[in-house]
Structures are given as C-alpha cells and as structure tokens.
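Reviewing the structure listed below.
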Amino acid sequence: MIEVFFHKVYGTTPDVVVRAPGRVNLIGEHTDYNDGFVLPAAIDRSIDFAGRLRADRVVQVHSLDFGGSVEFNLDDIQKDRKNTWSNYVRGVTKYLTEDGYRLSGADMVFGGDVPREAGLSSSAAVEVGTAAFWKALLHLALDPVYLVKLARKAENQFVGVPCGIMDQFISALGREHHALFLDCRDLSYRPVPLRDDVKIVVCNSGVKRALAQSEYEVRLKQCREAVAQIASTGRTVKSLRDVVPADLESARPVLSDLLYRRARHVVSENQRVLEAVKVLGAGGLERFGELMNASHESLRDDYEVSSKELDVLVEVARKQPGVLGARMTGAGFGGCTVNLVRQEAAEDFAEAIYRGYHDALGLKAETYICKASHGALSI
Ligand code: GLA
C-alpha cells in the first residue's frame, strides 16, 4: 500500500519500504525509566515508510496521516515548530548525521494505522521506522540496539519528551507470537512465547492523554527523590530497580506517604514482571492475569496514573467471560487498556466492552484484537 502512496506523491517507485510496529505493554509499567523490567509486545499495526534516494542533500518527507510535506537539508536540521509531526524524522536523521553517518538526500512517504495519542507508541514507531529507513536505503551496517538508543535520544532531546526506552526497543526488536522480556538496565532481552489460545485485546478509551506528559515528568522526579531518600539510609541504591520490598519497608520512616506509594508501585511492579515471565513460560495464564490485575490496582492507587475511563474499561472487562486479566497500558491518563482473553471469547468480549463503556460513560471505545508482530529491526 505504502508503495502506491509513494507513487502518487512522487510519480515513481520507491527503492525501499520498511515498517515499524506500535506496541502494547503486557506488564511492567513505569518501570523502564527506573532501570526495571518490562514485558511489551509489538502489535500488528504499524507506521510504514517508502523512499528513494536523491542526488542532493535534501530530504523531502510526506506524511499521509497529516496530509502535508516538509523539506529539510541534511546539513542543517532544525526543529519544526509548525509541522511537529516531522520532528521524529528530523531528530533521528540529525543524530545519525551527528554520529558521522554520511546520509544522502531522499524522498520519503510515511503513514500507518497505529492510532495517535492512544498510548500505542505511534511516535516511537515513527522514530524507529526512520532509523530502519536510513539503514535500508543506504545499506548501513547498524546495530539495532544502537538505533533504539538513537531513536530514544530523538524523543528525549530533539522532540523533548522524557520517555524511557521500552517503546523504541519493542518497535525495533519485537518478535512474532512473542512478548519481549527486557531488562531496561543492561538492555538484555528474551522473547517469551505467547500461546495462540489467548488473545491480546486492546481497548482504546478514545480519551487523549492530556495530562500524560506533565504528570509523567512529575512521576520521574518523584522516583528520583525516593531513590535519594532511600539511599540516605545507607543503602546502595542507584535506582528503584535496586530496591526490594523489604528495603522499602525499612526505609519507610524516611519517606513521605506519597513517595512511599510511588516507590511501592515500581518495586512491586518489577516483582510482578519477574513472576509474570516465569508463569507465562510455564503456561500459567490464570496467574498471569492476576498479576495484570494487580498491576492496574497499583497504577491506579499507588502511582495514580489511571483515569475514570480506564478504570471503567477495566471494570467492564473483568465481568466478561474468558477474561484472564485487564489493566491500563502505557503512560496512563487516557489511552488504552490491555486485556488477556481466551481466544473463543475474544469477539464477544470486544462487543461487550463497546456496549459496557458506552452505557457507563456515553463514550465510544475502539477495540483491537492484536497479534504479536515482528519489530522493524528484528532479524
Ligand atoms: C510511555 C513511555 C515509556 C514508559 C511508559 C510507561 O509509554 O514512552 O518509556 O515509561 O510510558 O510504562
């Protein structure tokens, strides 16, 4: 499809086509920037890129979803205050050139079906897709993890959003039929097989994540403060990853109730991920679902990043037959929930969610029954 659009815009065929998937996180929320553990899967919704080399230093980018084009020169890449959608492409391209890669001009088209601002990482998909695009177009021998870090740098420093590494990592290195267990400290990772008798059902609340960025920054700071206060009791703690539940309890007297609860979410979530990976490997789906449920409660009550809409989606979900677990996914304050549902119940589940959510709040939810997919840079 993307080839067809490329032809429409530029009147010729592309040299390369790449695709970068969105993601859903099964468990391990707000742990990545605390050096912790996550278990996301790449989904079968992607941002696709098509492009062709040019003989000059100009990069022309057309966004199908925004219906606009921008042009920039490889020797002077600046942030675009108007066409902000282009900054993900600009940032990745800029950092590649700064690292000494000699890029050539290109004509590019991109677009896809990862919903925007829904917490399914459409921006990470654009960044990772841009990295994969240059790699393919210029036959660059680039290490995928290097590109993941570069994509995150584009988001943190060029776009200015202080995210962790999970979204870029899974969009690049996801594996079909698998979730990816990632240690965000040393970036070691392992695909964990997902059984095909259960489905990952994503429910989009339709509420844009209004508070997400500012509250995300607040949580980041609170985690750092909690680390400093726990370290002041004499423990060697670099991040909340280093704190086990017993340490947290003994440091409780030095923490305010708020910081204690923030830390308790991260510490307990890391434990849940480790257990979730173990039980999933052994086929323990019921327990996996319970851990997802506990993750939601912790995000709602201790970390306070859920919303009324997400809580309603989760409540409705848990009443349906065949549901193993339901929780909010991503940064929170809107966006999506992720549900693990027995395959035979998945279609009815999707309908029931639509009705239940509409009855409760008068809002329309979208549901996607997802397949775990390959990342843009997976081998
Ligand atoms: C956003 C960020 C990720 C991660 C999640 C919360 O998706 O981009 O790095 O922190 O929120 O788990």
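So that you can scan it fast, the table gives a plain yes or no per residue for (1) under 20 Å from the mean Cα position of the chain (by Cα); (2) more than 16 Å from the ligand (Cβ to nearest atom); (3) under 23 Å from Gly91 (Cβ atoms):
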{"residue": "Phe158", "(1), (2), (3)": "yes, no, yes"}
{"residue": "Cys163", "(1), (2), (3)": "yes, no, yes"}
{"residue": "Leu173", "(1), (2), (3)": "yes, no, yes"}
{"residue": "Leu187", "(1), (2), (3)": "yes, no, yes"}
{"residue": "Val192", "(1), (2), (3)": "yes, yes, no"}
{"residue": "Val201", "(1), (2), (3)": "yes, yes, no"}
{"residue": "Ser232", "(1), (2), (3)": "no, yes, no"}
{"residue": "Arg235", "(1), (2), (3)": "no, yes, no"}
{"residue": "Ala246", "(1), (2), (3)": "no, yes, no"}
> Among (1) of a type in the set (Phe, Trp, Tyr); (2) outside any strand (DSSP E or B); (3) free of Cβ contacts under 8 Å to residues at least 40 places away in the same chain, which single condition is Phe72 missing?
Replying inline: (2)
> From the list Arg219, Arg195, Arg235, which residue is basic (Lys, Arg) and open to solvent by less than 20 Å² (accessible area, probe 1.4 Å)?
Replying inline: Arg219
> Which ones in the range 3-38 are assigned to a loop (DSSP other than H, G, I, E, B) and within 10 Å of the ligand (Cβ to nearest atom)?
Replying inline: Gly28, Glu29, His30, Thr31, Gly36
> For the range 301-335, which residues satisfy the criterion of being in a helix (DSSP H, G or I) and either among the polar types (S, T, N, Q) or more than 19 Å from the chain's Cα centre (by Cα) (or both)?
Replying inline: Asp301, Lys308, Glu309, Asp311, Val312, Leu313, Val314, Glu315, Val316, Ala317, Arg318
>> So, Ser104, is that one farther than 15 Å from Ala154 by Cβ, more than 16 Å from the ligand (Cβ to nearest atom) and either more than 15 Å from the chain's Cα centre (by Cα) or not small (Gly, Ala, Ser) (or both) or not?
In response: yes
>> Kindly evaluate Asp242 against the criterion of being open to solvent by 60 Å² or more (accessible area, probe 1.4 Å) and over 30 Å from Phe349 (Cβ atoms).
In response: no
>> Scan the range 272-287 and tell me whether some residue there is under 25 Å from Val114 (Cβ atoms), open to solvent by less than 10 Å² (accessible area, probe 1.4 Å), away from the ligand (no atom under 16 Å from the Cβ) and in contact with a helix residue (DSSP H, G or I) (Cβ under 7 Å, 6 or more places away or on another chain).
In response: no
> Which of (1) in a helix (DSSP H, G or I); (2) at pLDDT below 95 is the odd one out, the single condition Thr97 does not satisfy?
Replying inline: (2)
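The values are calculated or read from the model by the stated rules, or taken from the named source; none is laboratory data. Everything quoted here is computed from the prediction, not taken from an experiment. So basically every Cβ, Gly included, is an ideal-geometry build from the backbone, and we count neighbours across all protein chains shown. With ligands, DNA and RNA removed, areas are computed over all heavy atoms of the protein, side chains included. Shrake-Rupley method; radii C 1.70, N 1.55, O 1.52, S 1.80 Å.
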